[in-house]
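Asker: Pasting in a structure now, in structure tokens, and then I'll have a few things to ask.
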Amino acid sequence: MEPILEVRDLVKDYPGHRALSGISLSIPQGSFFSLLGPSGCGKTTTLRLVAGFEEPSSGEVRIKGEVVNHRKPYERNVSTVFQSYALFPHLTARGNVEFGLKRHGMSDIEKRVAEAITLVGLLGKEIRKPAQLSGGERQRVALARSLVLAPDVLLLDEPLAALDPKLRKQMRSELKAMQRRVGITFLLVTHDQEEALSMSDQLAVMNEGHVEQVGSPEDIYLRPRTKFVAGFLGAVNWIEGIGIRPESTRIGREAENHGAKSFPALVTDSVFLGDCFQVIVRMASGEEAVAQVHRSSPVFQRGESVHISWNPSDEISVA
Amino acid sequence: MKLRTWFVLPTWVWMAGLFAAPFAIILAYSFLTRGDYGGVEQPWTLENYQRLFDRLYLIILLRSFAMASVATVLCLILAFPVALFISQAPRRKNLYLQLVMLPFWTSFLVRTYAWLFLLRDTGLINTFLEKIGIIHSPLPLLYNSGAVLLGLVYGYLPFMVLPIYATLERLDPSLPEAAADLGARPWTTLFRVIVPLSRSGIIAGAVLVFIPCLGTYLTSDLLGGGRTVLVGNLVQSQFTTARDWPFGSAVSMLLMLLVTLLVWGFLRRESEQLS
Amino acid sequence: MKRWLAVYAVGFFAFLHLPLLTLAVFSFNSSRFTVWEHFSLEWYRAIFRDPELVEATWNSVIVAVAATVIATVVGTMCAYALWKKKSRLLTGTLYLSLVTPEIVTGISLLALFQWMFRWLHWHLGLYTVILAHVAFSIAYVVIVISARLRTLSPSLEEAALDLGANEWGAFFYVILPALGPGIIAAALLALTVSFDDYVITSMVAGVDSQTLPMVIYAMARRGASPVINAISALITVFFGILIVISEQVREA
């Protein structure tokens, strides 16, 4: 099936630096796709080029196969949920949700608005103005406002960043459920790897204006192709060029056999984190490694001689 | 064409037609000659500007400068304590600010006239003093430089209070506390810590007061009775009674030059401060 | 020291307000001298009996309203355009128009209008006053609206475009309503500046288009009269009401 959104060799230059160095992505219809990367990697720039707030220096943006490079934002069937939500302060929640429908001259405004407000769970609060709503409620209005237009792609610019941590976790599952329900393609931009992993069907890891890897969350996490991707998605121990994540690393008094790799090491520190121990060891080669050890295991003292072990199948090898 | 281009067009037209064009005309006039019947005609000449150096006109210029300077200093001295008071007030700050701004919002003409009412021979002050027997004939309080000065200070005082207050508000409250902690008494703290730190507000206020005072016309005409001739009065007289438009234009250009230099100097200083 | 400051502050506020208050008080004095006789509304009645005053007031209102409407519309559009794209030249010109001494603005406009008179047969009249008032009011409006625009998030406009409004729609349906109170504040500022202007108006008004400040000024130069006190009191109340409205709108 044809991807609903495609960017080909997209380049964006600003005076003084190049934000995007020719990226290509293909986003399947109905998927939850994330752009993940540190600030400055170009993910927000990509989003803005898709939305139409800026034009690419070269390359193409295609929606449903059509090149839309020169189309204004109001000529594209994509809608954006801004990081600050950008709700219109002089309108009520309902007024905000109605706005796009009115500009497009659509019919059945009342019915569609009611559906959207119910979908995001704001029934009863639609007569309030943004100033009278909480952060989470404002985000729902922003979502409803965009979804009610049934866009080809919904663009989300770090939508959970402004929420407090507890609310964030709750919204993650809600967003995911919402996407499944309406079936609209979501393109989400975030720097939080937990967010990207938990919500996405597919994600693209970006760094300094290019795409490092595209794949499913498991693919990206378990089989990263570059050191950057491995390190960005979680902690990694690099031991003689091989990568092992702390949660796959075990500490024991004895060396393990049965196919596992084991090396002698010296405990340099052991930190209690509540749900686990983080044990830091130094190996004979001088390299340091961190192991995530379950709370119930014996406590290791500084200076103890131990063995660090892992399964070869958990190894990460990168280019 | 972009929307913003359409939007900015009317202002361009208005500024070009009703600000820049008149200015250009005056600039041209300043190099022309007075006609026999008061018009403006050729030849082109520098005579008008040369006339500016006549003793008579230099005195007027100096007088304007002196008046504006004294008014500014007086405003500073009078305004600073109030600005300090408001910034230190625990509550009702807004009320005090309103009280300062309220007179400013009423008619400038009315406020200037109020002093005419108070200061003239049959005005309130003289009547009151005569009634309680301190004087037997009215004091000439009006139609002199003192009255003009009073009118200027009264008129532009709020312009000095606000910028100083704004700067004091942003002052880190722990700084005067630190000074006291290190042994400074209140007056020392005031003059060695608070005043120096409010320098930018003081300068802003000074500029906001000095410039209008330099070019004042209404106050000096109404309260000075035509006896206190400042630059503004000179310009007006040249364009009305004296009917010497070219010379009046030259004086205007000089005034504009002074004002522009002051503002430019001030803005330069501001941007230097920021960088 | 705090006590001294408070005492000084009281004195300061008294100095600031007493002249106006005494002016108002004596507007109710039946005698035309500054010795209190008895309460009287005579001088207020005199205002309405003076056709020159009534006509001048009417002219002031016409000029102020016309100039305010034009300046507010033009100034708001200008502030918006500058918000989208800065222009140092325009901003500099607007600021220059603010610091130019009124007498210089007045005579330069007079020169322009006289020139127009010679070549295009213009005459000085109420409309030249309105043109002049708009010219010096635009800068005030731009300043107030620009300050208000700075408080708006730029994403607001992008959101409007994103949802289907074109550039004009974004301005009309989102930015303009968001500016609401600011526009009213700017308009009230332009109104007060225009209504109170004497210097510039006196230079560009026609013989039969006198405004209230011009009449007051002429009366004041002839010799103070309690009628001026009465007018002054009325003007002060009028301006006071405008300020209160402005503050209420700002709170909203």
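Asker: Please list, or write none, the lysines whose alpha carbon is within less than 27 Å of the alpha carbon of B:LYS93, excluding same-chain residues fewer than 8 places away.
Answerer: C:LYS2
Asker: Can I ask one more? Label points 7 Å out from Cα along the Cβ direction at C:ALA218 and B:SER174: separation in nm?
Answerer: Result for the modelled spin labels: 6.5 nm.
Asker: May I pose another question? Diagonalise the Cα gyration tensor of the stretch B:126-209 and give the resulting equivalent ellipsoid semi-axes, square root of 5 times each eigenvalue, largest first, whole Å.
Answerer: Numbers: eigenvalues 315, 69, 17 Å².
Taking √(5λ) for each Cα gyration eigenvalue gives 40, 19, 9 Å.
Asker: Whole Å is fine, so just give me how far the alpha carbon centre of the stretch C:5-75 lies from that of the stretch C:78-149.
Answerer: Centre-to-centre distance over Cα atoms comes out at 27 Å.
Asker: When DSSP assigns beta bridges and you keep just the ones with both residues in the stretch A:44-200, what percent turn out antiparallel, to the nearest 5?
Answerer: Numbers: 2 of 11 bridges.
Antiparallel: roughly 20 percent of the beta bridges in the stretch A:44-200.
Asker: Take A:HIS258, A:HIS70, A:HIS191 and order them by how many other Cβ atoms sit within 10 Å, fewest up front. Write out the running numbers ahead of the final one.
Answerer: Details: A:HIS258 6, A:HIS70 10, A:HIS191 18.
Starting with the residue having the fewest Cβ neighbours, the order is A:HIS258, A:HIS70, A:HIS191.
Asker: Counting other C-beta atoms within 10 Å, which of C:ILE183, C:ILE243, A:ILE127 has the fewest, and how do the rest follow? Numbers along the way, then the final one.
Answerer: Working: C:ILE183 21, C:ILE243 17, A:ILE127 10.
Exposure proxy ranking, most exposed first: A:ILE127, C:ILE243, C:ILE183.
Asker: Check cross-link reach from A:LYS166 to the lysines: straight Cα distance under 21 Å, and skip same-chain residues fewer than eight apart.
Answerer: Candidates past the 8-residue exclusion: A:LYS176.
Asker: Then there is this: Which trypsin sites (Lys or Arg not before Pro) does the stretch A:243-319 hold that lie in a coil by DSSP with at most 16 other beta carbons within 10 Å?
Answerer: Details: sites: A:ARG250, A:ARG253, A:LYS261, A:ARG282, A:ARG295, A:ARG302; in loops: A:ARG253, A:ARG295, A:ARG302.
For trypsin sites (Lys or Arg not before Pro) across the stretch A:243-319 that sit outside H, G, I, E and B with at most 16 neighbouring Cβ atoms in 10 Å, the list reads A:ARG253, A:ARG295, A:ARG302.
Asker: List, in order, the whole-Hz ³J(HN,Hα) value for each residue of the stretch A:305-315 obtained from phi through the Karplus relation with A = 6.51, B = -1.76, C = 1.60 and θ = phi - 60°; use x for Gly and Pro.
Answerer: Taking θ as phi minus 60°, the curve returns 8, 9, 10, 9, 9, 7, 8, x, 5, 8, 5 Hz for the stretch A:305-315.
Asker: If you build the convex hull over the alpha carbons only and average its shadow over all orientations, what do you get for the stretch A:5-228? Give it in nm² to one decimal.
Answerer: Working: hull surface 50.1 nm².
Averaged projected hull area, Cα only: 12.5 nm².
Asker: Go ahead and run the numbers for FRET between A:SER198 and A:ALA162, Cβ-Cβ distance against an R0 of 22 Å, rounding to 0.05.
Answerer: Values: r = 18 Å, r/R0 = 0.83.
Between A:SER198 and A:ALA162 the formula returns 0.75.
Asker: Further question: Using only atoms on other chains, find how many Cβ atoms lie within 10 Å of each Cβ of peptide C:148-155 and report the average. Don't skip to the end; give the middle numbers.
Answerer: Values: counts 0, 0, 0, 0, 1, 6, 2, 9.
Mean partner shielding for this stretch: 2.
Asker: Show me, bin by bin at 5 Å from 0, the whole-percent P(r) of the stretch B:1-123 based on Cα pairs.
Answerer: It works out to 2, 8, 7, 9, 11, 11, 12, 13, 13, 8, 4, 2, 1, 0, in whole percents.
Asker: Tell me the relative contact order for chain C as a rounded percent, counting alpha carbon contacts under 8 Å between residues six or more apart.
Answerer: On the way: 263 pairs, mean separation 78.2, N = 252.
Value for chain C: 31 percent.
Asker: Same structure, new question: For the protein assembly as shown, give the share of DSSP beta bridges that are antiparallel, in percent and rounded to the nearest 5; count only bridges with both residues there.
Answerer: 75
Asker: Same structure again: Report, by chain and number, residues whose modeled amide H sits under 5 Å from the one on A:ASN69, excluding near sequence neighbours (fewer than 5 apart, same chain).
Answerer: For A:ASN69, the qualifying residues are A:VAL61.
Asker: Using the alpha carbon gyration tensor of the stretch C:39-169, what are the three equivalent-ellipsoid semi-axes (square root of 5 times each eigenvalue), largest first, in whole Å?
Answerer: Details: eigenvalues 275, 100, 42 Å².
Values for the stretch C:39-169, descending: 37, 22, 15 Å.
Asker: Let me ask something else. Provide the descending list of Cα extents for chain C along its principal axes, expressed in whole angstroms.
Answerer: Principal-axis extents of chain C (Cα, largest first): 71, 64, 34 Å.
Asker: Net charge near B:VAL251, counting Lys/Arg +1 and Asp/Glu -1 over other residues with Cβ under 12 Å of its Cβ?
Answerer: Details: positive: B:ARG51; negative: B:ASP54, B:ASP244.
It works out to a net charge of -1.
Asker: How big is D for the stretch C:1-40, in µm² s⁻¹ as a whole number, if Stokes-Einstein is applied with the Kirkwood radius of its Cα pairs at 10 °C and 1.306 mPa s? List each step's numbers first, then the result.
Answerer: On the way: Rh = 11.8 Å.
Taking Rh from Cα pairs, D becomes 135 µm²/s.
Asker: Sorted from largest down, give the three principal axis spans of the alpha carbons of the stretch A:1-78, whole angstrom values.
Answerer: Principal-axis extents of the Cα atoms in the stretch A:1-78, largest first: 38, 26, 20 Å.
Asker: Taking only DSSP H segments of four or more residues, each worth -39500 (n - 2.57), what value at 222 nm results for chain B once the sum is divided by all its residues, to the nearest 500 deg cm²/dmol? Mind showing how you got there, number by number?
Answerer: On the way: 14 runs with 193 residues, N = 275.
One gets -22500 deg cm²/dmol as the mean residue ellipticity at 222 nm.
Asker: Another question, then. From zero outward in steps of 10 Å, how is the percent of C-alpha pairs of chain B spread across the bins?
Answerer: 6, 20, 25, 25, 16, 6, 1, 0
Asker: In addition: As an exercise, take the mean of 1/r over every pair of distinct alpha carbons in the stretch A:235-314, invert it, and state the Kirkwood radius in angstroms.
Answerer: One decimal place: 12.4 Å for the Kirkwood radius.
Asker: If you don't mind, there's one more thing I want to ask. Would you list C:SER87, C:SER155 from fewest to most Cβ contacts within 10 Å? It would help to have the intermediate numbers written out before the result.
Answerer: Numbers: C:SER87 15, C:SER155 18.
Lowest count first: C:SER87, C:SER155.
Asker: In bins 5 Å wide, starting from 0, what share of all Cα pairs of the stretch C:96-188 does each bin hold, as a percent?
Answerer: Distribution as computed: 3, 12, 16, 14, 12, 11, 9, 10, 7, 4, 1 percent.
Asker: List, in order, the whole-Hz ³J(HN,Hα) value for each residue of the stretch A:150-163 obtained from phi through the Karplus relation with A = 6.51, B = -1.76, C = 1.60 and θ = phi - 60°; use x for Gly and Pro.
Answerer: Running phi through 6.51 cos²θ - 1.76 cosθ + 1.60 with θ = phi - 60° gives 6, x, 5, 9, 9, 9, 10, 9, 6, x, 9, 4, 7, 8 Hz.
Asker: What is chain A's relative contact order, in percent, from Cα pairs under 8 angstrom and six or more apart in sequence? Before the final figure, lay out each step's value.
Answerer: Working: 656 pairs, mean separation 56.5, N = 319.
Averaging sequence separation for qualifying contacts and normalising by length gives 18 percent for chain A.
Asker: Kyte-Doolittle cut-off -0.5, length cut-off 27 Å along the helix's own axis using Cα: show which whole DSSP H helices in chain C pass.
Answerer: Details: long enough: C:2-26 (35 Å, 1.49); C:51-84 (49 Å, 1.17); C:126-150 (36 Å, 1.73); C:176-196 (30 Å, 1.67); C:226-251 (37 Å, 1.45).
TM-like helix candidates: C:2-26, C:51-84, C:126-150, C:176-196, C:226-251.
Asker: Would you pull out the residues with amide H under 5 Å of C:TRP122's amide H, same chain only if 5 or more places away, H placed 1.01 Å from N?
Answerer: C:PHE117
Asker: Let me ask something else about it. Give the lysines whose C-alpha is closer than 27 Å to that of A:LYS102, dropping any in the same chain fewer than 8 places away, or say none.
Answerer: A:LYS64, A:LYS72, A:LYS111, A:LYS125, A:LYS129, B:LYS2, C:LYS84
Asker: Still on this model: Once the Cα atoms of helix A:109-119 and of chain A are each reduced to a long axis, what angle between those two axes, in degrees from 0 to 90 to the nearest 10, is obtained?
Answerer: Value to nearest ten degrees: 20.
Asker: Turning to a different aspect of this structure: Within 10 Å of each Cβ in peptide C:192-199, how many partner chain Cβ atoms are there on average? Round it to a whole number, please.
Answerer: Values: counts 4, 1, 0, 1, 7, 4, 8, 9.
So the per-residue partner count for this stretch is 4.
Asker: Let me ask you something else. For labels at B:GLN50 and B:ASN144 in the simple 7 Å Cα→Cβ model, what's the distance in nm?
Answerer: 3.9
Asker: Arrange the peptides C:229-238, C:128-137 so that the one whose residues have, on average, the most other Cβ atoms within 10 Å appears first. Display every interim value, and only then the final one.
Answerer: Details: C:229-238: 20.5, C:128-137: 24.8.
The densest-packed peptide leads the list: C:128-137, C:229-238.
Asker: A follow-up question, please. Averaged over peptide C:110-122, how many Cβ atoms belonging to another chain are found within 10 Å of each residue's Cβ? Write down the numbers at each step before the final one.
Answerer: Values: counts 6, 14, 9, 2, 4, 5, 0, 0, 1, 0, 0, 0, 0.
Neighbouring Cβ atoms belonging to other protein chains average 3 per residue here.
Asker: Not counting the cut sites, what is the longest span of chain C without trypsin sites (Lys or Arg not before Pro) that DSSP labels loop and that have at most 16 other Cβ atoms within 10 Å?
Answerer: Working: sites that count: C:ARG32, C:LYS85, C:LYS86.
In short, C:87-252.
Asker: Can you tell me what percent of all Cα-Cα pairs in the stretch B:69-130 are more than 15 Å apart?
Answerer: Details: 1294 of 1891 pairs.
I get 68 percent for the Cα pairs in the stretch B:69-130 exceeding 15 Å.
Asker: Return the loop-located GluC sites (Glu not before Pro) in the stretch A:201-285 (DSSP other than H, G, I, E, B) with at most 13 other Cβ atoms within 10 Å of their own Cβ; answer none if there are none.
Answerer: Values: sites: A:GLU208, A:GLU212, A:GLU218, A:GLU240, A:GLU247, A:GLU254, A:GLU256; in loops: A:GLU208, A:GLU240, A:GLU254, A:GLU256.
Taking the stretch A:201-285 and a limit of 13 other Cβ atoms within 10 Å, the loop GluC sites (Glu not before Pro) found are A:GLU240, A:GLU254.
Asker: Mind checking the alpha-carbon convex hull of the protein assembly as shown and giving the volume per residue in Å³?
Answerer: Working: hull volume 221.6 nm³, N = 846.
Cα-based convex hull of the protein assembly as shown, divided per residue, equals 262 Å³.
Asker: Hey, how many Å between the Cα centroid of the stretch A:112-152 and the Cα centroid of the stretch C:193-252?
Answerer: The stretch A:112-152 and the stretch C:193-252 have Cα centres spaced 51 Å from each other.
Asker: Still on this model: With the contact rule set at Cα under 8 Å and sequence spacing of 6 or more, what percent relative contact order holds for the stretch C:111-181? Let's see the in-between values first.
Answerer: Working: 24 pairs, mean separation 14.5, N = 71.
Computed value for the stretch C:111-181: 20 percent relative contact order.
Asker: Now for a different question. Label points 7 Å out from Cα along the Cβ direction at B:ILE77 and B:ARG92: separation in nm?
Answerer: 2.8
Asker: Would you mind putting B:110-119, C:169-178 in packing order, based on average other-beta-carbon counts within 10 Å, highest first?
Answerer: On the way: B:110-119: 24.3, C:169-178: 18.3.
So the order, starting with the most tightly packed, is B:110-119, C:169-178.
Asker: Sort out for me the Cα centre separation of the stretch B:183-251 from the stretch B:64-128, rounded to whole Å.
Answerer: 15
Rule-based calculations on the coordinates, nothing more; no lab input. Here the structure is a predicted model, which is why all the values come from computation and not from measurement. Because the Cβ atoms are built from the backbone with ideal geometry, glycine has one as well, and the counts that use them run over all protein chains shown.
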